[in-house]
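A.B. asks: Before anything else, here's the structure in question.
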Amino acid sequence: MGDARCVLRAENIHKSYRLGRTDLPVLRGVDLGVKEGEFVAIMGSSGSGKSTLLHIMGALDVPQRGQAFFREQPIFPPEGRRGFPDVDPAVSGSRRGNGTPRLDSAANRLRNEAFGFVFQFYHLLPEYDVLENVMLPQIVGHNAGAWLAGRDTLERRAVALLTQLGLEHRLRHRPAELSGGERQRVAIGRALINQPPVLLADEPTGNLDSMTGADILAVLLKLNEAGQTILMVTHDPQVARSAHRIVRLVDGRLG
């Protein structure tokens, strides 16, 4: 990717979870940079911390130590100002202050504006049709008045996205009426509706057969060729080989 600068960067990321009275380290000082326009795949065995790292870099989770940066701006407050929720020792055996830190409003806003997410299990709302599911991030990100004022423009953008994804004939269908591959295409459309600089994909082909998975990978590659930055978690070496670069997590560290 030449001298392109990092759009997303993790620095010395540490993350552990408390199981009863035991701390389980998941990430142990991880550093990772993703450049503008790059397609990076994260691989590792089950439990290696792949998804945890992706979630931290996308402001879905908070590290105990370290920092993530979007265009060199820190995503999280300084370590001493990351509020940890109280945990009841009688319930979990945890000590006060050893829960997961809460995300602040700035991180929540950044997540909605800067990142689009694609997950293994789609997470579509069954009561909404395809078009409505794709428009949801815009509904969440604006007050009712602003959303209603821009609804026509938003709907045109959503229709254009779904047409690009080959779903123009499915706009008013609900998720239960779609195949697995179609549902994942809807999820990709939803991830892109805010035109995010970075697309974060967590096992996007993991719930699909090989042929459908190849179709979804082709969609991601086409997006990347058009300039979309993608950071993807996968357990599939064949899927990972399509990326510009593969990084591997072993025992909470990049190998």
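A.B. asks: Kindly evaluate Pro175 against the criterion of being within 30 Å of Gln73 (Cβ to Cβ) and not hydrophobic (A, V, I, L, M, F, W, C).
C.D. replies: no
A.B. asks: Just to be sure, is Ala176 of a type in the set (A, V, I, L, M, F, W, C) and surrounded by 21 or more Cβ atoms within 10 Å (Cβ to Cβ)?
C.D. replies: Criteria not met by Ala176.
A.B. asks: Additional query: Looking at region 212-239 only, could you name the residues that are part of a helix (DSSP H, G or I), in contact with a Lys or Arg (Cβ under 9 Å, 6 or more places away or on another chain) and touching a residue at least 40 places away in the same chain (Cβ under 8 Å)?
C.D. replies: Across region 212-239, the qualifying residue is only Val219.
A.B. asks: Using the structure shown, decide if Val219 is over 12 Å from Phe39 (Cβ atoms), exposed (fewer than 15 other Cβ atoms within 10 Å of the Cβ) and hydrophobic (A, V, I, L, M, F, W, C).
C.D. replies: Considered against the rule, which asks whether it is over 12 Å from Phe39 (Cβ atoms), exposed (fewer than 15 other Cβ atoms within 10 Å of the Cβ) and hydrophobic (A, V, I, L, M, F, W, C), Val219 comes out as no.
A.B. asks: Go through region 191-218 and give me each residue that's closer than 24 Å to Thr153 by Cβ and aliphatic (A, V, I, L, M).
C.D. replies: Matches in region 191-218: Ala191, Leu192, Ile193, Val198, Leu199.
A.B. asks: Still on this structure, please answer the following. Select from region 154-208 the residues that are outside any helix (DSSP H, G or I) and charged (D, E, K, R) and write down the one among them that is nearest to the chain's Cα centre (by Cα).
C.D. replies: By that ranking, first place goes to Asp202.
A.B. asks: Let me ask something additional. What number of residues within region 236-252 are among the charged types (D, E, K, R), over 9 Å from Ala41 (Cβ atoms) and modelled with pLDDT of 95 or more?
C.D. replies: 1
A.B. asks: On to the next question. Give the residue that is modelled with the highest pLDDT, with candidates limited to residues of region 179-208 that are surrounded by fewer than 18 Cβ atoms within 10 Å (Cβ to Cβ), of a type in the set (S, T, N, Q) and farther than 22 Å from Leu8 by Cβ.
C.D. replies: Only one residue fits best here, namely Ser179.
The values are calculated or read from the model by the stated rules, or taken from the named source; none is laboratory data. What you see is a predicted model, and the numbers here were worked out from it, not measured in a lab. Cβ atoms come from the backbone with ideal geometry, glycine included; neighbour counts cover every protein chain shown.
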